[in-house]
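Q: Sending over a structure as structure tokens; questions will come in a sec.
The values are calculated or read from the model by the stated rules, or taken from the named source; none is laboratory data. Because the structure is predicted, anything quoted here is derived from the model rather than measured. Glycine gets a Cβ as well: all are built from the backbone with ideal geometry, and neighbour counts include every protein chain shown.
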Amino acid sequence: MNRKNDGLRLMDGAGYKKIIIACDSYKGCLSSREVNEAIASGVKEWNAEDASSGIENVDSEDASPEIICLEMSDGGEGMLDAFLSAMKGERVRIHAHDALMRWIEAEYGIVNDTAIIEIAQAAGLALIEPEQRNPLKATSWGVGEMIMNAYRRGVRHFIVGLGGSATSDCGIGMLKAMGDDWKKIRQECSFVLASDVTNPLCGENGAAHVFAPQKGADAEMVEMLDARARKFAEVSAKHFGYDRSEVPGAGAAGGLGYAFLQYFGAEVSAGAELLLREIGFDEMIRYADLVITGEGHSDRQTLMGKLPQRILEHVLKNKAMTDQQIWLVSGGVSEKQALLDAGFDQVLAVSPQNMNLEEAMNPKIAKRNIANAIKVSFGNA
């Protein structure tokens, strides 16, 4: 794939010559793009107020640094937008089935000879009303339809984001949608799975026990789903002569990860790291004075492979040669000291402590909270 990332360039800022903003979404509230733009807005507002205050010690060039906003994703919802905003590619819209076999419009991307598949486009939990969620019935059929559509267009390489699924069918629906063509796809295609999940397919740490309750499963359903997964893995192992149900990531997306590993020999890559590599993130931040990242809520779990931690690792490598700063800007923060100790120069919780969650999750209010927090922080920097 050709790597190209123009990002969203905004020529306003405050106190820095180059700022990179690369935040994950605030799930259920704001997309990655919206979070980035709210932060950029806060920088611009501070800069405008600073200029109007008559301060003379900052020249015009320093007062208007380059701000580059990069949409981010860890392989879940928003991955398609993140890749296509970062790289030249085509957005393809097709009719496909959702997890309840209802016709919907789904999208995937093509960058050169590689398809970017976000499974949540067809099999996403967000597409199913809460009262209708039932992982015993939910199917990955629509994922198979997206892959087949790309395959018929001549695509032979796939990057697949496994986050946000409504399914627990181990990819059986996807394979059925492919029909006998799955054998051709197995021979001709390569798959890279963007996922931070390391769970196996079965058992107490497997897909059913860990993830199915989030998709509407009760205790009885969990046992049924786990038994179904074990049976499918046994049949598949007998057919191929090997078993990949214990490979880390097999339990991702309700076992869809297993289907890709077992049937198509897929590779698994941390979703955030895959995106950062593809867009040439290290080169992009090389001469940046400030990198800002964030997510909906940050705590010690952030340091266990989530997107902000991945970005922190890249910045810390660059810091050995520069005095570059990195800020963590999240909707809420707990265990702040642990995050500072990990290497973040500033850790900001944008939601006021006296604001209730429902109000803080209002998109309009959240954007204003982000901009205000940035203005205050730049004022204190």
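Q: Can T293 be described as among the β-branched types (V, I, T) and under 26 Å from V35 (Cβ atoms)?
A: yes
Q: With the requirement that a residue be of a type in the set (K, R) and touching a Leu at 6+ places or on another chain (Cβ under 8 Å), what does the stretch 69-120 give you?
A: Just the residues of the stretch 69-120 that are of a type in the set (K, R), to begin with: 88, 91, 93, 102.
Correct list: R91 only.
Q: Can I ask one more? Residue by residue through the stretch 84-139, note down the ones that are of a type in the set (S, T, N, Q) and under 17 Å from S73 (Cα atoms).
A: S85, Q121
Q: What pairs come out if I take residues in the stretch 358-380 that are among the charged types (D, E, K, R) and pair them with residues that are buried (at least 21 other Cβ atoms within 10 Å of the Cβ) and modelled with pLDDT of 95 or more whose C-beta lies under 6 Å away, six or more apart or interchain?
A: K367/A38
Q: How many residues does the stretch 285-315 contain that are under 22 Å from P65 (Cα atoms) and not in a loop (DSSP other than H, G, I, E, B)? Write out each step before concluding.
A: Going residue by residue through the stretch 285-315, those that are under 22 Å from P65 (Cα atoms) are 285-294, 311-312, 314-315.
Next, only the ones that are not in a loop (DSSP other than H, G, I, E, B) stay: 285, 290-293, 311-312, 314-315.
Residues flagged as under 22 Å from P65 (Cα atoms) and not in a loop (DSSP other than H, G, I, E, B) within the stretch 285-315 amount to 9.
Q: Suppose the filter is more than 30 Å from L312 (Cα to Cα), assigned by TED's automatic domain parsing to the domain that holds D218 and at pLDDT 95 or above; does T114 pass it? Reasoning before the result, please.
A: Numbers: more than 30 Å from L312 (Cα to Cα): no; assigned by TED's automatic domain parsing to the domain that holds D218: yes; at pLDDT 95 or above: yes.
No; evaluated as a whole, the condition is false for this residue.
Q: Tell me yes or no: at least one residue of the stretch 133-151 is farther than 22 Å from K231 by Cβ, surrounded by fewer than 17 Cβ atoms within 10 Å (Cβ to Cβ) and in the same structural domain as E223 (by TED's automatic domain parsing).
A: Scanning the stretch 133-151 turns up no residue that is farther than 22 Å from K231 by Cβ, surrounded by fewer than 17 Cβ atoms within 10 Å (Cβ to Cβ) and in the same structural domain as E223 (by TED's automatic domain parsing).
Q: If you don't mind, another one. Give me a count of the residues in the stretch 240-260 that are assigned to a loop (DSSP other than H, G, I, E, B), of a type in the set (A, V, I, L, M) and either buried (at least 24 other Cβ atoms within 10 Å of the Cβ) or at pLDDT below 95 (or both).
A: Final tally of qualifying residues: 1.
Q: Turning to a different aspect of this structure: Quick check on A38: is it surrounded by 15 or more Cβ atoms within 10 Å (Cβ to Cβ), part of a helix (DSSP H, G or I) and at pLDDT 90 or above?
A: For A38, the condition - surrounded by 15 or more Cβ atoms within 10 Å (Cβ to Cβ), part of a helix (DSSP H, G or I) and at pLDDT 90 or above - is met.
Q: Quick one: which of V235, V210 is over 25 Å from G163 (Cβ atoms) and assigned by TED's automatic domain parsing to the domain that holds L136?
A: Exactly one of V235, V210 is over 25 Å from G163 (Cβ atoms) and assigned by TED's automatic domain parsing to the domain that holds L136, namely V235.
Q: Tally up the residues in the stretch 85-99 that are farther than 23 Å from D24 by Cβ and either of a type in the set (S, T, N, Q) or touching a Ser or Thr at 6+ places or on another chain (Cβ under 8 Å) (or both), please.
A: 2
Q: Tell me the helices (runs of 4 or more DSSP H) entirely within the stretch 59-157 that contain at least 3 residues that are of a type in the set (A, V, I, L, M).
A: 79-86, 120-123, 141-152
Q: Another question, if that's okay. Going residue by residue through the stretch 195-217, is there one that turns out to be surrounded by fewer than 19 Cβ atoms within 10 Å (Cβ to Cβ) and farther than 30 Å from L303 by Cβ?
A: Looking through the stretch 195-217, none of the residues is surrounded by fewer than 19 Cβ atoms within 10 Å (Cβ to Cβ) and farther than 30 Å from L303 by Cβ.
Q: Continuing with the same structure: Which of the following residues is under 18 Å from S41 (Cβ atoms) and either out of contact with any Lys or Arg (no Cβ under 8 Å at 6 or more places or on another chain) or at pLDDT 95 or above (or both): I311, I370, I326?
A: Exactly one residue qualifies, and that residue is I370.
Q: Continuing with the same structure: Identify all residues within the stretch 167-191 that are in contact with a strand residue (DSSP E or B) (Cβ under 6 Å, 6 or more places away or on another chain) and of a type in the set (A, V, I, L, M, F, W, C); write none if there are none.
A: Of everything in the stretch 167-191, just one residue is in contact with a strand residue (DSSP E or B) (Cβ under 6 Å, 6 or more places away or on another chain) and of a type in the set (A, V, I, L, M, F, W, C), namely F191.
Q: Checking the conditions here, which among E234, E188, E220 is closer than 25 Å to L84 by Cβ, out of contact with any Leu (no Cβ under 6 Å at 6 or more places or on another chain) and of a type in the set (D, E)?
A: Criteria check complete, one pass: E188.
Q: While we're here: Answer yes or no: is there a residue in the stretch 344-367 that is modelled with pLDDT of 95 or more, within 19 Å of L276 (Cα to Cα) and under 22 Å from the mean Cα position of the chain (by Cα).
A: Yes, that holds for at least one residue.
Q: Considering only residues of the stretch 318-340 that are over 25 Å from N369 (Cα atoms) and outside any loop (DSSP other than H, G, I, E, B), which is nearest to the chain's Cα centre (by Cα)?
A: Taking the candidates together, the pick is N318.
Q: Among (1) touching a residue at least 24 places away in the same chain (Cβ under 8 Å); (2) surrounded by fewer than 18 Cβ atoms within 10 Å (Cβ to Cβ); (3) more than 18 Å from G124 (Cα to Cα), there is one condition M87 misses while meeting the rest; what is its number?
A: It fails just one condition, (2).
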